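The values are calculated or read from the model by the stated rules, or taken from the named source; none is laboratory data. What you are looking at is a predicted structure, and each value in this text was computed from that prediction instead of being measured. Please note: Cβ atoms are built from the backbone with ideal geometry, for glycine as well, and neighbour counts cover all protein chains shown. Only protein heavy atoms, including side chains, enter the accessible area calculation; ligands, DNA and RNA are left aside. Shrake-Rupley method; radii C 1.70, N 1.55, O 1.52, S 1.80 Å.
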Amino acid sequence: MSNSNQMNPQALQALLGMASKKLGTTPDVLQKQLQDGTFEKALSNMSGTDATKLKKALSDPKTAEKILSTPQAKAIYKKLQKG
């Protein structure tokens with residue numbers, strides 16, 4: 001049984017891809033920052049609204065799904081799948 005509070009790995013990669021572009025970094029660097037707790041420092045490069053949206057998306061899978069359903073997110077997701 002899957003846990004509804006966890007995002008699937010492909011969705012997480014797509015979200016990391018979108019966020020990393022806004023932050024001017026790579027998805028790998030951003031993921032490492034999330035894992036080692038230095039993510040707040042990365043958020044300082046984003047506008048307050050974008051940072052709030054990203055925090056919410058990363059903590060709420062339903063919000064992430066909504067963001068990932070946009071045409072821009074789908075385009076990034078397709079690029080990530082090819083890479």
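Kindly evaluate Glu40 against the criterion of being within 19 Å of Asn8 (Cβ to Cβ) and either of a type in the set (Asp, Glu) or open to solvent by less than 30 Å² (accessible area, probe 1.4 Å) (or both). Spelling it out, it is not the case that Glu40 is within 19 Å of Asn8 (Cβ to Cβ) and either of a type in the set (Asp, Glu) or open to solvent by less than 30 Å² (accessible area, probe 1.4 Å) (or both). The residues of the range 47-64 that are within 16 Å of Ser20 (Cα to Cα), outside any loop (DSSP other than H, G, I, E, B) and not charged (D, E, K, R), listed by number, are Gly48, Thr49, Ala51, Thr52, Leu54, Ala57, Leu58, Ala64.
I'd like the full set of residues that are under 17 Å from Gln10 (Cβ atoms) and without any contact (Cβ under 8 Å) to a residue 12 or more places away in the chain, limited to the range 51-62.
Selection gives Lys62 alone.
Given the criteria surrounded by 14 or more Cβ atoms within 10 Å (Cβ to Cβ), among the hydroxyl-bearing types (Ser, Thr, Tyr), at pLDDT 75 or above and under 13 Å from the mean Cα position of the chain (by Cα), does Thr25 qualify?
Taking the combined requirement at face value, the residue satisfies it.
Would you say Leu30 is surrounded by 11 or more Cβ atoms within 10 Å (Cβ to Cβ) and modelled with pLDDT under 75? In short, no.
Being part of a helix (DSSP H, G or I) and small (Gly, Ala, Ser) is the filter; apply it to the range 11-46 and report the residue that is farthest from Lys79 (Cα to Cα). Filtering first and then ranking leaves Ala42.
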